1. Residue 128 accessible area, nearest 10 Å², 1.4 Å probe?
2. If each residue of separation counts as 0.36 nm, what is the full-extension length gain between residue 34 and residue 81 once their alpha-carbon separation is subtracted?
3. What figure in square angstrom, to the nearest 10, would you give for the accessible area of residue 13 with a 1.4 Å probe?
4. Work out, step by step, the length gained on full extension between residue 102 and residue 278: first 0.36 nm times the residue separation, then minus their alpha carbon distance; give nm to one decimal.
5. Among rounded, prolate and oblate, which fits region 52-97 when a ≥ b ≥ c are the square roots of the eigenvalues of its C-alpha gyration tensor, a/c under 1.5 means rounded, and a/b larger than b/c means prolate?
6. Return P(r) of region 135-283 (all Cα-Cα pairs; 10 Å bins starting at 0; whole %; ordered from short to long distances).
Amino acid sequence: MATDPHKVCGSSSCPNEGASTLADREKLQACGVCRGVSYCSKECQKSAWTREGHKYTCAERDVPRHRVDGSSLEDVQAAIDDAEPGDIVVLNKGAYRWKKPKSGDKLLISKPIRMWGPTEGGTDGGVTLHCNLEVNEDASNDGSVTVANLTILGMAKVQSNSYESVTFSRVKVHQTDPKADGTMVHIMRRGKCLFYRCELVGGDEVLYIDGIDDLAHSKEDNEDKVHVKLCTISDGGKRGICADDKFVLEKTVIKDNGWYGIRSNRGWTDKGGNEWQRNPAKPNQTPTSGNGMFDGIHIPVSGGSRTINVGGRDVPISFGQTAETMFPGFGRP
């Protein structure tokens, strides 16, 4: 049975345990914008808005909503296709899979809409999408895309776009394919891409951020266009974040990756409160330094096939290779 959002406090940090008593519930007041969630105090309302992500799932009641009618990914895609720019697609709790899966299937958002799971469902809304999710654009890019309160079992990819913003709020992306990247962000030509209170897990590189250098074969500037805030990034086969341009990192934990935490050609803008797994080849790595794989240090190899230990993992290297030929471009400022 669904919880009535008007009979519990909508703040996950409510000191009254979600308004557990009758007296507490009598104090509840609905959000003045969406009317879809209530709070027992101004403090709880402020906490939900500023720290728990309600501002990313709050909209006037007259904004058209398309509730997914069914339990398949085809049903989700149909609701997305029916939505007009600015509309909201609402998913019910549950697991969504393809009825007839095909190679290369992906859930596609190609216009400025919002899609979210139940706001009272906790971090992931109780919604699981068993698919890759792609944010792309068609001609209707004058607006923003928001994805919130759900879990993606696969890859989340943001293609190059001109949206005002792309936001992932309280989303878990779990990539189970160790050879594929988990989350990818290409060029944000206009606005920024925000990951807020997300959990990014698994894949070869957990989060890959495109940029302007030769590695990305791009001439466009992506500096500080990706903001990672209050997130956990973990369990990548190589690194937690692999970035070709600067990004913004704030109050985020990067841990338990196969090699180390961050590779960024141009460093990153550090907003503080971060904990990140250090590069063993560069123990003094800082946000403003070149953060390449080996920082341009050549490692001559002779005598046939050998391995080098990186972050506790043996990486095979062939005869005659150096760090530069194994990982071209890594370590360049």
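The values are calculated or read from the model by the stated rules, or taken from the named source; none is laboratory data. Keep in mind it's a predicted model, so treat the numbers as computed, not measured. These accessible areas exclude ligands, DNA and RNA; they are computed on the full protein's heavy atoms, side chains included. Shrake-Rupley method; radii C 1.70, N 1.55, O 1.52, S 1.80 Å.
1. 30 Å²
2. So the extension gain works out to 14.5 nm.
3. Solvent-accessible area, nearest 10 Å²: 70 Å².
4. Working: separation 176, 0.36 × 176 = 63.36 nm, distance 3.98 nm.
Extending this stretch completely gives an extra 59.4 nm.
5. Working: a/c = 2.53, a/b = 1.41, b/c = 1.80.
Oblate, since a/c reaches 1.5 and b/c is not below a/b.
6. Calculated P(r), rounded to whole percents: 13, 45, 36, 6, 0.
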